[in-house]
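Everything on this sheet refers to the single structure shown next.
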Amino acid sequence: MDLQMDLQMDLQPTMRQRPLGTKTRNIRWSSENWPKTLEIGMAARAYWKGSLKLSLVTCPVQLYPATTAAEKTRFHLINKETGNRLKQQMVDSETGDVVEGDLKARGYELRKGEYVEVEKEELEAVQIESNHTIDIDSFVPKDEIDKRYLNHPYYIAPDGKAGVDAFAVIRDAMKDSDRVALARIVLTNREHIIAIEPLGNGLLGTTLRYPYELRDEEDYFDGIRSPKLTKDMIELASHILDTKAAHFDPSKFKDEYETALKTLVRRKAAGKPVKTVEREERPSNVINLMDALKQSLKGRRAPAKRTSSSARHRTSHRRSARKAHRSAARHRKAG
């Protein structure tokens, strides 16, 4: 659930209310590592509490958001002249008048500029009331779930000691079956489908999008032609793929832009100049695909050749040094 507007991006941590599930922080500033170091205080609060139900087996559980944006560098909009923060106001698009809270209402656009107003009570009448139960409907093979349907991940943990046994039974049964549970859950007055699978000692629940939320790939891929490619091209591309083979390791992911933002803010706060970097020109389009593939593969092999050449150079240098040493020794002996 997005409880913060995009424009309310806060760089300076405060004690204002944070979204559910994020951590309350006690801030300690340091001139050396500001604004990087944040000491975490309390653990995250549960985003949702209820029961996980499999047939007649029920256990109390808690949901925690598995992701957070709390560490991202955020900004406020400010007045450049005064340095004060700007506040947003709702303005009538036609008259330009500021609209006060009691005059604000929800409207659905029927046609361009024509809206039908929906009252708060009318919305409440159609909202789904949560029974605070994650009701498992079925179990499906994990590889059958289209990744485009995956939405928001949550950690599911037992709520108290009373339901740990039932929780463990459901979790371990799912490990043995290698299947993912599909269940229904009500969050923010909307019913969601949630896929549940074992993760360590707990469970990972990921809400799924509905089919109407996905765009049809044919709208974007239909115009892509399928040219005839030679076998050599495919083999060269396969070799390049082999040279880049690796294992998934998210610890290697580096957010260079986030690092640059923190550096920028630290320098500005310290009154130091900020260097501007000229953008590199984009390379021209590849004209000969086969040449590009060969150059790519050649570029991957180049370091090994340089290493070999360097090794030969060092070996030749050592041989020359030994010859010179022996020649000098014979000269001294003859003298």
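The figures follow:
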{"read-out": "Condition check for residue 25: surrounded by fewer than 12 Cβ atoms within 10 Å (Cβ to Cβ) and either among the acidic types (Asp, Glu) or modelled with pLDDT under 50 (or both)", "value": "no"}
{"read-out": "Hits in the range 134-156 - residues which are assigned to a strand (DSSP E or B) and in contact with a Leu (Cβ under 8 Å, 6 or more places away or on another chain)", "value": "134, 136, 137, 138, 139, 140, 150, 151, 153, 154, 155, 156"}
{"read-out": "Residue that is most open to solvent (accessible area, probe 1.4 Å), among those in the range 81-109 that are closer than 16 Å to residue 120 by Cβ and assigned to a loop (DSSP other than H, G, I, E, B)", "value": "104"}
{"read-out": "Cross-chain or 6+ apart pairs with Cβ under 6 Å, the range 179-203 first and closer than 15 Å to residue 47 by Cα, then polar (S, T, N, Q) and at pLDDT below 95", "value": "186/130; 189/127"}
{"read-out": "Some residue of the range 221-234 being among the hydroxyl-bearing types (Ser, Thr, Tyr), without any contact (Cβ under 8 Å) to a residue 12 or more places away in the chain and open to solvent by 100 Å² or more (accessible area, probe 1.4 Å)", "value": "yes"}
{"read-out": "Residue that is modelled with the lowest pLDDT [pool: residues in the range 38-80 that are small (Gly, Ala, Ser) and part of a loop (DSSP other than H, G, I, E, B)]", "value": "41"}
{"read-out": "Residue 266 being at pLDDT 75 or above and surrounded by 10 or more Cβ atoms within 10 Å (Cβ to Cβ)", "value": "yes"}
{"read-out": "Tally of residues being in contact (Cβ under 8 Å) with a residue 60 or more places away in the chain, under 17 Å from residue 185 (Cα atoms) and open to solvent by 70 Å² or more (accessible area, probe 1.4 Å) across the range 132-162", "value": "3"}
{"read-out": "Selection status of residue 168, at pLDDT below 95, among the aliphatic types (A, V, I, L, M) and more than 21 Å from residue 65 (Cα to Cα)", "value": "no"}
{"read-out": "Candidates 188, 206, filtered to the one that is under 14 Å from residue 63 (Cα atoms) and loosely packed, with under 14 Cβ neighbours inside 10 Å", "value": "188"}
{"read-out": "Evaluation of residue 262 against (1) touching a Lys or Arg at 6+ places or on another chain (Cβ under 7 Å); (2) closer than 30 Å to residue 187 by Cβ; (3) not aliphatic (A, V, I, L, M) (one fails), failing number", "value": "(2)"}
{"read-out": "Condition met for residue 124 (over 30 Å from residue 264 (Cα atoms), open to solvent by 90 Å² or more (accessible area, probe 1.4 Å), part of a helix (DSSP H, G or I) and of a type in the set (Asp, Glu))", "value": "yes"}
{"read-out": "Leading residue by the ranking (most open to solvent (accessible area, probe 1.4 Å)) among those in the range 110-120 that are assigned to a strand (DSSP E or B) and among the charged types (D, E, K, R)", "value": "111"}
{"read-out": "Condition check for residue 277: β-branched (Val, Ile, Thr), part of a loop (DSSP other than H, G, I, E, B) and either open to solvent by 100 Å² or more (accessible area, probe 1.4 Å) or modelled with pLDDT of 90 or more (or both)", "value": "yes"}
{"read-out": "Tally, over the range 163-181, of residues that are farther than 22 Å from residue 193 by Cα, among the β-branched types (Val, Ile, Thr) and open to solvent by less than 10 Å² (accessible area, probe 1.4 Å)", "value": "0"}
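The values are calculated or read from the model by the stated rules, or taken from the named source; none is laboratory data. Worth saying up front: this structure is predicted, and the values here are computed from it rather than measured. All Cβ positions, glycine included, derive from the backbone under ideal geometry; neighbour counts span all protein chains shown. Ligands, DNA and RNA are excluded from the accessible area calculation, which covers all protein heavy atoms including side chains. Shrake-Rupley method; radii C 1.70, N 1.55, O 1.52, S 1.80 Å.
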